[in-house]
Amino acid sequence: MRLPQVAETDTPQLLDAAGECLLYDEYMTRVYVADALTEERSALRLMLLDLNMEVVGEAADWATTLAQAPVSRTDLLLIDWGLLPRTSPSVALDELRTACPAALVIILISHLDARQQAALSSGADAFISKGETPERVAERLRAVAAGVRI
């Protein structure tokens, strides 16, 4: 179904590649992806689409994530550890939780030392290692998303 762009609202409209508005499926998990690497965001986007999840926004830096994620009405936030400010990752996650209180936060990690993991443990709902197989990442995403549909 084709819908025109709605100009009179402040809510961003999701557009497909042809510039047409997408319908929102109330049962579809809405995901915001924040990762500095374009190829990783692309791979995650394809995986999420295969899992029947809707990518409602993407960012390559922390400032964009904080600005866009709250208006995306997201259910899940996939955040790469590398985007968090190194000086205060737990404070950054607190700020994100305040901006998106209903969203689950999943941290994408390559590896963390014990101190970094302790800093994040208070602010993340789940961790997914970038070193996992695509099947295992999909399994973890499905498990976390199942909690969204309660």
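Key figures for this structure:
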{"item": "Peptides ranked, highest mean first, by Cβ atoms within 10 Å: ranges 48-61, 89-102", "result": "48-61, 89-102"}
{"item": "Cut-off 15 Å between beta-carbons: net charge of the residues surrounding Arg136, Lys and Arg +1, Asp and Glu -1", "result": "-1"}
{"item": "Relative contact order for the range 29-148, counting Cα pairs under 8 Å that sit 6 or more residues apart, in percent", "result": "24"}
{"item": "Pairwise FRET efficiency - Met47 versus Ala99, Cβ, R0 = 25 Å, nearest 0.05", "result": "0.50"}
{"item": "Theoretical FRET efficiency, 1/(1+(r/R0)^6), r = Cβ-Cβ of Thr38 and Arg140, R0 30 Å, to 0.05", "result": "0.85"}
{"item": "Local electrostatic count, Ile106, Cβ distance below 9 Å [Lys/Arg +1, Asp/Glu -1]", "result": "0"}
{"item": "The range 29-148 - Rg and Dmax from Cα coordinates, angstrom", "result": "12.9, 36"}
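Only the coordinates and a few stated rules stand behind these numbers; no lab work does. Since the model is a prediction, treat every value here as computed from it, not as a measurement. With ideal geometry, Cβ positions are generated from the backbone for all residues, glycine too; neighbour counts draw on all protein chains shown.
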